Amino acid sequence: MSQPTIAILMTAPSTFTFDETPNAGASADSLLFFPISLRLAGSRVLLVGGGEVAARKVRLLLRAKPRIEIVACELNEELSALCAAGRVRHLATDFAPSQVQGCRLVIAATDDRAVNRAVAAAADAANVPVNVVDDPEPSSFITPAIIDRAPLQVAISSGGAAPVLARRLRERIEAMLPGNFGRIAEFMHRMRGRVAAKYPAGERRAIWENFLDSPGAESLLRGDETAADLELQRLLDGGAASGQVFLVGAGPGDPDLLTFRALRLMQQADVVLYDRLLSPAILDLVRRDATRIFVGKQRSRHAVPQDEINTELVRLAREGKRVLRLKGGDPFIFGRGGEEIETLAAAGIPFQVVPGITAASGCAAYAGIPLTHRDYAQACIFVTGHARADGKLALNWPLLAQTGQTVVIYMGLGTLPQLCAQFIAYGLPAEWPAALVEEGTSSAQRVIAATLADLPAKVEAAQVSGASLLIVGEVVRLREKLGWFGARANATTQLAGSIDD
Ligand code: SAH
């Protein structure tokens, strides 16, 4: 069974397009369909046609394990391979109406309209449901756009009225459902007996609702059945669902840069602890009912000390809450995320960490400054420009002041003059390119591209005060060619230029 086509079928992503066909010029009644899910395992399904269109239908049908018979003079390569592997049967004849007898479904997929119509007429006469591909009028059923998270399926149909709209909707739902969502359904199916043994029918639903809100469901998504099993048992023993913490990187500002997982967990949270750097547009995406707690830190004004945040996370999770710790950028890059989860790990609280796009990647991309480049930068270093308590920078200057690399400095706005002076003192030319990106990726993004010598003055003149990232290296020059983001990109070039004058 080493047919290449079979390998493709088995490893294909769990997403299939099965677009309904347009119902052109149809009357209102002809758009009416009743959706059902049909059991096909072991049933006879007749497919008329042996080309690509037929093959597409076969690919989908096979997942439901019917006995497929294909009527066609010739089969294309894919179908021949399936036939050779014994997965479909080939009837190498012309279509004859008697072939539809005893079938559960019939699909007409030839490129000959007259043949397709004859198939539909024969199936109708025998009361067998029939679909003519791309021709809804003679079809007694149509196939929806499918999102497959077996055993869970989402089927979308506009009755053929607007297949493109149905497909758009499919894309949106697709993004909401993690690829392994089906695992939750499988688990619930397997555990049905266990729940039924302990609770009467009326109370089971509450157990499942609680389970889906618990860390158990998340455990299944990452493939940890043992943890899910323990969580379900806890609930069955009358315990409350465990709390959990989601340490989520929200990216640098543009909500479009959130990951699917970040968004999903944001929409599950009971309470959110967030930082100063989070844009209102991102906070808007957190579940409406979630309690919002601001714990932001500013360079000089500490809103909530880190150890208080750490203990607060533990306290809230112990109350059984789903706690979202939302951080700008990536939680593990200058985000103290490590310290927060150390406390959680020590307290035995379930947690997960969701990476986010860090300011360096976000700002670089939106400013048109590639962080590495074959000709200019073979390495990229991220450092913090935050001064120690004594006001000094504790940085490895001989390492940083090198050509052939890019240095990205977080939290360096306050120490910008010092930073630029040190680069020069340690040997980089005063004309070495350097840029400051303020509020990167947001609609307020400003980029000030200059040299080590004149950047501090330009930044001061521009009255920069938002979150700012410093990028030092020859790659900064590429911005002239590669800058692409927003109307402000031009405005800021002018701004930098006007200061030059
Ligand atoms: N964990 C975050 C960094 C937090 S430290 C991340 O991975 O991005 C805070 C510093 O990040 C700020 O002082 C600034 O230097 C930088 N920063 C974060 N968001 C930024 C943005 N949108 N534009 C410019 N700099 C940003």
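Miscellaneous remarks
- Positions within the stretch 30-79 being farther than 25 Å from Gly160 by Cα and among the aromatic types (Phe, Trp, Tyr), in sequence order: none
- Residue selected from the stretch 409-441 under the condition near the ligand (Cβ under 9 Å from one of its atoms) and open to solvent by less than 30 Å² (accessible area, probe 1.4 Å), by the criterion farthest from Arg388 (Cα to Cα): Thr441
- One residue stands out in the stretch 381-398 among those that are without any contact (Cβ under 8 Å) to a residue 40 or more places away in the chain and open to solvent by less than 50 Å² (accessible area, probe 1.4 Å): the one that is nearest to the ligand (Cβ to nearest atom), namely Val383.
- The set of residues in the stretch 423-466 being within 14 Å of Arg479 (Cβ to Cβ) and among the β-branched types (Val, Ile, Thr) consists of Val437, Val447, Ile448, Thr451.
- Members of the stretch 351-369 found to be open to solvent by less than 50 Å² (accessible area, probe 1.4 Å), under 30 Å from Arg318 (Cβ atoms) and more than 13 Å from the ligand (Cβ to nearest atom), listed by number: Gln352
- Segments classed as helices (runs of 4 or more DSSP H), wholly inside the stretch 151-249, with at least 2 members that are acidic (Asp, Glu) and over 30 Å from Leu32 (Cα atoms): 201-213, 225-236
- Entirely in the stretch 39-92, the strands (runs of 3 or more DSSP E) that have 1 or more residues that are out of contact with any Cys (no Cβ under 9 Å at 6 or more places or on another chain) and open to solvent by 20 Å² or more (accessible area, probe 1.4 Å): 67-71, 88-91
- Scanning the stretch 93-124 for residues that are polar (S, T, N, Q) and in a helix (DSSP H, G or I) yields a count of 3.
The rows are residues; the columns are (1) within 16 Å of the ligand (Cβ to nearest atom); (2) surrounded by fewer than 16 Cβ atoms within 10 Å (Cβ to Cβ).
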{"site": "Pro305", "(1), (2)": "no, yes"}
{"site": "Glu308", "(1), (2)": "no, yes"}
{"site": "Glu312", "(1), (2)": "no, no"}
{"site": "Arg315", "(1), (2)": "no, yes"}
{"site": "Gly320", "(1), (2)": "no, no"}
{"site": "Arg325", "(1), (2)": "yes, no"}
{"site": "Gly335", "(1), (2)": "yes, no"}
{"site": "Gly338", "(1), (2)": "yes, yes"}
{"site": "Leu371", "(1), (2)": "yes, no"}
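- Residues in the stretch 336-350 include none that are part of a strand (DSSP E or B) and not hydroxyl-bearing (Ser, Thr, Tyr).
- Taken over the stretch 461-475, the residue count meeting the criterion of being open to solvent by 10 Å² or more (accessible area, probe 1.4 Å) and more than 15 Å from the ligand (Cβ to nearest atom) is 3.
- For the condition within 24 Å of the chain's Cα centre (by Cα) and on the phi > 0 side of the Ramachandran plot, Gly249 does not qualify.
- The stretch 259-312, residues that are touching a helix residue (DSSP H, G or I) at 6+ places or on another chain (Cβ under 6 Å) and modelled with pLDDT of 95 or more: Val271, Ile282, Leu285, Val286
- Check on Arg288, more than 14 Å from the ligand (Cβ to nearest atom), open to solvent by 50 Å² or more (accessible area, probe 1.4 Å), in contact with a Gly (Cβ under 7 Å, 6 or more places away or on another chain) and not assigned by TED's automatic domain parsing to the domain that holds Gly412: no
- Identity of the residue in the stretch 251-267, away from the ligand (no atom under 16 Å from the Cβ) and under 11 Å from Leu283 (Cα atoms), that ends up surrounded by the fewest Cβ atoms within 10 Å (Cβ to Cβ): Gln267
- Close pairs from the stretch 470-481: first outside the structural domain of Pro370 (by TED's automatic domain parsing), partner in a helix (DSSP H, G or I), Cβ under 8 Å, at least 6 apart: none
The values are calculated or read from the model by the stated rules, or taken from the named source; none is laboratory data. This one's a predicted model, so the numbers in the text were calculated from it and none came from an experiment. Neighbour counts run over all protein chains shown; Cβ positions are idealised from the backbone, glycine included. When the accessible area is computed, the model is the full protein with side chains, heavy atoms only, and any ligands, DNA or RNA have been set aside. Shrake-Rupley method; radii C 1.70, N 1.55, O 1.52, S 1.80 Å.
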